[in-house]
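The values are calculated or read from the model by the stated rules, or taken from the named source; none is laboratory data. Fair warning: this is a prediction, and the values are worked out from it, not measured in the lab. With ideal geometry, Cβ positions are generated from the backbone for all residues, glycine too; neighbour counts draw on all protein chains shown.
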Amino acid sequence: MHYHTIIVGLGGMGSAAAYHLARRGHAVLGLERFGPAHTHGSSHGHSRIIRQAYFEDPAYVPLLKRAFTLWHELAAQSDEDLLHITGGIMIGHPESAVIQGTLASVRQHNLPHEILDAREIRRRYPAFTPADDDIGVAEHNAGYVVPEAAVRTHLACATQHGAHLQYHETVLSWHAQHDGVSVTTDKGVYHADHLILSPGAWAPELMRDLGLPLRVERRVLLWFDPIGGIAPFEEPHFPIYIWDCGDNISFYGFPHQQGVDGVKVAIHTVGQACTPDTIDRRLHNHDVEQLQALLASRIPALTGPLRDFTTCMYTLTPDEHFVIALHPQHANVVLASPCSGHGFKFTPVIGEILADLAEQGHTAHDINLFSLRF
């Protein structure tokens with residue numbers, strides 16, 4: 001069979017692209033080296049933050065607004081627990097990167113928000129113990145999605161619209177000409193008009209012809225049993241949060257999630273270089289000690305017993321913005337990701353963008369920030 005588009009990688013971005021293209025009536029083939037919604041890449045861990053007050057760059061905010069619309073639409077189609085709007089708060093010193101960047105976004109895009117001093121943060125959220133000179137920027141329109149449920153729902157919807165999805169099949173190579181593409185796997189060779197590469201941490205391998213300066217890093221996600229009980233961390237009274245600790249170190253966390261043991265928290269900015277083949281999936285004492293040293297003075301209840309952990313991978317660009325673009329030598333090849341550790345919240349709108357690029361060669365969304373600039 002000859003396809004309109006072959007998609008390599010069916011994690012967050014690939015699954016969403018498969019859905020959007022199939023819904024538009026195109027013949028889609030999705031190829032995934034593992035099973036659906038697996039735990040080997042970057043689209044797992046029970047929860048991913050969604051927010052609009054985006055400290056990374058105000059240019060992301062229009063995409064986030066569209067992503068929120070699409071998240072609600074996807075949740076309405078899902079028979080799984082997928083979307084939670086809990087509110088969110090960014091905490092740090094007033095001059096910190098997270099606070100200054102968040103304020104730039106909310107002011108440029110007129111996003112509803114509140115600025116809280118340390119006393120008010122402690123009053124609203126007793127589990128937080130910020131320093132007296134810390135502040136918080138709070139927004140209602142924030143929360144989390146369940147990444148495994150999101151991927152499964154996108155895949156199910158893609159299949160319902162006729163997409164052909166194949167799992168446990170490893171892509172070995174791809175080749176593009178002006179009139180089409182071919183993809184060779186360990187099970188066969190496939191042909192299409194267009195190709196979307198959404199390989200996550202496998203991007204350095206499958207995009208090696210571009211020589212992009214990408215780095216893959218290990219991250220550890222931890223779940224702790226709070227000292228004093230779970231009640232202060234329960235929805236709807238506890239938000240998602242990001243805490244800027246200074247010195248380019250920040251951590252983030254979530255409310256207690258029903259059906260999940262412990263309360264999740266993780267360091268965002270500190271990791272170890274790896275590849276998908278060499279990542280250390282074990283937990284080490286320093287993984288726990290490094291995080292609990294940050295928590296001790298900020299969320300002391302989370303220095304309780306460890307309940308669970310998992311590892312994932314960030315695939316980072318030098319400026320930590322995304323790469324979403326057409327291949328410079330092959331206009332029928334779309335490059336999707338790396339997303340530098342903050343991309344999952346954009347999953348449905350990136351799927352829409354990738355479908356646009358494969359279908360039309362352009363998109364109405366502003367993706368200039370994500371060009372091939374290295």
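Before moving on, here are some points about what is shown:
- Breaking point among (1) touching a strand residue (DSSP E or B) at 6+ places or on another chain (Cβ under 8 Å); (2) buried (at least 18 other Cβ atoms within 10 Å of the Cβ), for Pro348: (1)
- All positions within the range 150-200 that are assigned to a loop (DSSP other than H, G, I, E, B), under 30 Å from Asp79 (Cα atoms) and touching an Asp or Glu at 6+ places or on another chain (Cβ under 9 Å): Tyr167, His168, Glu169, Thr170, Pro199
- Residue in the range 60-73 that is under 28 Å from Ala203 (Cβ atoms) and of a type in the set (Gly, Ala, Ser) present: yes
- The single condition among (1) in contact (Cβ under 8 Å) with a residue 24 or more places away in the chain; (2) buried (at least 17 other Cβ atoms within 10 Å of the Cβ); (3) within 25 Å of Asp247 (Cα to Cα) that Ala118 does not meet is (1).
Conditions (1) within 18 Å of the chain's Cα centre (by Cα); (2) crowded, with 22+ Cβ neighbours inside 10 Å, marked per residue:
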residue	(1), (2)
Thr5	no, yes
Ala17	yes, yes
Gly35	no, no
Pro58	yes, no
Glu80	no, no
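- The single residue among His109, His72 that is surrounded by fewer than 18 Cβ atoms within 10 Å (Cβ to Cβ) and in contact with a helix residue (DSSP H, G or I) (Cβ under 6 Å, 6 or more places away or on another chain) turns out to be His109.
- Evaluation of Asn332 against (1) in contact with a Gly (Cβ under 8 Å, 6 or more places away or on another chain); (2) outside the structural domain of Phe251 (by TED's automatic domain parsing); (3) crowded, with 23+ Cβ neighbours inside 10 Å (one fails), failing number: (3)
- Flag if Glu80 is more than 30 Å from Gln166 (Cα to Cα), acidic (Asp, Glu), in contact (Cβ under 8 Å) with a residue 12 or more places away in the chain and not assigned by TED's automatic domain parsing to the domain that holds Pro255: no
- Looking across the range 268-323, just one residue is among the acidic types (Asp, Glu) and under 20 Å from His256 (Cα atoms), and that is Asp308.
- Failed criterion for Ile49 (all others in (1) under 14 Å from the mean Cα position of the chain (by Cα); (2) not in a strand (DSSP E or B) hold): (2)
- Val61 vs. criteria out of contact with any Leu (no Cβ under 8 Å at 6 or more places or on another chain) and either in contact (Cβ under 8 Å) with a residue 12 or more places away in the chain or not small (Gly, Ala, Ser) (or both): no
For (1) in contact with a Leu (Cβ under 8 Å, 6 or more places away or on another chain); (2) hydrophobic (A, V, I, L, M, F, W, C), each residue gets a yes or a no:
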site: Ala176; (1), (2): yes, yes
site: Thr184; (1), (2): yes, no
site: Val189; (1), (2): no, yes
site: Arg218; (1), (2): no, no
site: Phe233; (1), (2): no, yes
site: Gly246; (1), (2): no, no
site: Tyr252; (1), (2): no, no
site: His256; (1), (2): no, no
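- Verdict on Asp287 being among the acidic types (Asp, Glu) and crowded, with 16+ Cβ neighbours inside 10 Å: yes
- Scope the range 325-356; condition touching a His at 6+ places or on another chain (Cβ under 9 Å) and in a strand (DSSP E or B); matching residues: Leu326, Val333, Val334, Leu335
- Search result, residues across the range 28-44 that are in a loop (DSSP other than H, G, I, E, B) and either β-branched (Val, Ile, Thr) or at pLDDT below 95 (or both): Thr39
- Selection status of Arg107, over 20 Å from Gln160 (Cα atoms), outside the structural domain of Gly188 (by TED's automatic domain parsing) and without any contact (Cβ under 8 Å) to a residue 40 or more places away in the chain: yes
- Of all residues in the range 196-240, those being polar (S, T, N, Q) and touching a Lys or Arg at 6+ places or on another chain (Cβ under 6 Å) number 0.
- Check on Val323, out of contact with any Phe, Trp or Tyr (no Cβ under 7 Å at 6 or more places or on another chain), β-branched (Val, Ile, Thr) and surrounded by 18 or more Cβ atoms within 10 Å (Cβ to Cβ): no
- With respect to being modelled with pLDDT of 95 or more, buried (at least 19 other Cβ atoms within 10 Å of the Cβ) and outside any strand (DSSP E or B), Ala138 falls outside the description.
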